[in-house]
Every structure is written in structure tokens, then in C-alpha cells.
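Encoded as C-alpha cells, the structure appears first; notes follow it.
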Amino acid sequence: VQLQAFGGGLVQPGGSLRLSCAASGSIFSIKDLGWYRQAPGKQRELVASIIAGGSRYYVDNVKGRFTISRDNTKSTVTMYLQMNSLNLDDTAVYYCNAKPWVGPEYWGQGTLVTVSS
């Protein structure tokens, strides 16, 4: 599975961004998809995930502001993260992650989100 993330950039506090993650390859093997982020000097953390069956998880400090979604076609899977009301603490490199039913997980290359006035 190959993952490619898009959509990062510079945004002012209170603004919005939408991240996309395109998955290709053995997409039938994907069970769960998620977005992680790593801020400077901090550990990578799970931001949001969408698991097989459609249940969604959000870390507390993005609830009500971020929305994760997933779009499946026959040959691709695309995951989105709509981020609203961004604040300075959301500045980080955002990574998409895919967990298969069996075997190791996959990571995208990361996309930088900078919230700054």
C-alpha cells in the first residue's frame, strides 16, 4: 500500500484546511485509516481515525473541529481530514496511516500544517 498526503499549508488562526490521503496498491488489505501529527519537539499522536465499519475516533482537542472521512472506489481509497477553527497548537506535520487486517502498518510522507498569524 502506498499513501500520499496532500493539502498542508499555512493558515491563520481560525482558518480551515482539508488534508487528503490517497491510498493505492493493495487497498483491499486496509482495515483502518488514520491521521497522526507530530509537532516540533513532541511525540507523534493519533488525531483521528476511521475503522472498518465506519466508526470514527477523535483525540479530545480536535473534537468538534476536525472531521475524518473516507471515500472508496474499486481501485483507490482516499481519506480526508477537514480541519476547522485551527489554532496554533494544530501546527504539526500530519501523517496518514493505514492499518491492514494482517501485517505491518503503512505511513504516508507527511504534510506540514502551519497555523500562524
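The values are calculated or read from the model by the stated rules, or taken from the named source; none is laboratory data. Small disclaimer: the values here were computed from a predicted structure and weren't measured. Here the Cβ is made from the backbone with ideal geometry for all residues, glycine too, and neighbour counts use every protein chain on show. Only protein heavy atoms, including side chains, enter the accessible area calculation; ligands, DNA and RNA are left aside. Shrake-Rupley method; radii C 1.70, N 1.55, O 1.52, S 1.80 Å.
Just so you know, in the range 27-48 the residues that are in contact (Cβ under 8 Å) with a residue 40 or more places away in the chain and of a type in the set (S, T, N, Q) include one that is farthest from Gly110 (Cα to Cα), and it is Ser29. In the range 61-106, how many are assigned to a loop (DSSP other than H, G, I, E, B) and surrounded by 16 or more Cβ atoms within 10 Å (Cβ to Cβ)? So the count comes out to 2. Among the residues of the range 2-19, which ones are part of a strand (DSSP E or B) and farther than 11 Å from Gly108 by Cα? Result: Gly9, Leu10, Val11, Leu17, Arg18, Leu19. Within the bounds of the range 20-34, is there any residue that is open to solvent by 50 Å² or more (accessible area, probe 1.4 Å) and under 12 Å from the mean Cα position of the chain (by Cα)? The answer is no; no qualifying residue exists.
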